[in-house]
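The next block holds one structure in the form of structure tokens; read it before the comments.
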Amino acid sequence: MAVPRALLALLLAAASAVHLGEALSCITCEQPTALPLCKNITYCKPNEIACKTTLVTVEAEFPFNESPVVTSTCASSCEATDPDSIGAAHPIFCCFHDLCNSVGIARLSAGALAPLGAVVLSHLLP
């Protein structure tokens with residue numbers, strides 16, 4: 001049975017219009033790195049759906065001149081630290097679109113600052 005040319009042309013047009021999935025891209029630094037120095041752009045594996053940033057250390061003494069130290073990776077799943085928790089040892093921040101964790105371009109979002117503030121306060125208070 002021969003396929004009509006019009007149908008074949010329609011199938012080819014539809015196939016070319018299908019958008020192939022693209023990998024998520026994240027800013028990564030797998031070793032603990034000062035926040036402004038974490039600048040590697042990584043194209044994640046297809047099963048990695050999130051950019052995961054973990055706060056490793058934060059300066060706990062005035063005048064707070066040091067940058068927070070973080071690790072940042074592509075992740076197949078990510079559960080962020082509850083922003084209302086106080087004293088979390090290593091808060092985790094998750095985001096789900098390209099370069100969403102690019103702190104060099106945009107500082108930590110307001111949602112990320114709440115747990116960071118909680119960590120700083122937990123180190124300052126006895």
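Nothing in this text is a laboratory measurement; each read-out follows from the coordinates by a stated rule. Note that the structure is predicted; figures quoted are calculated from it, not measured. A quick note on method: Cβ atoms are made from the backbone with ideal geometry, for glycine too, and the neighbour counts reach across all protein chains shown.
Counting beta carbons within 10 Å around each of 69, 56 and listing the fewest first gives the order 56, 69. Net length available on complete extension from residue 41 to residue 99 is 20.1 nm, with 0.36 nm assigned per residue and the Cα-Cα distance removed. What does the charge count around residue 75 come to, taking other residues whose C-beta lies under 14 Å from its C-beta (Lys +1, Arg +1, Asp -1, Glu -1)? Net charge in that neighbourhood comes out at -1. Extension gain, residue 49 to residue 23, is 8.5 nm, computed as 0.36 nm per intervening residue step minus the present C-alpha separation.
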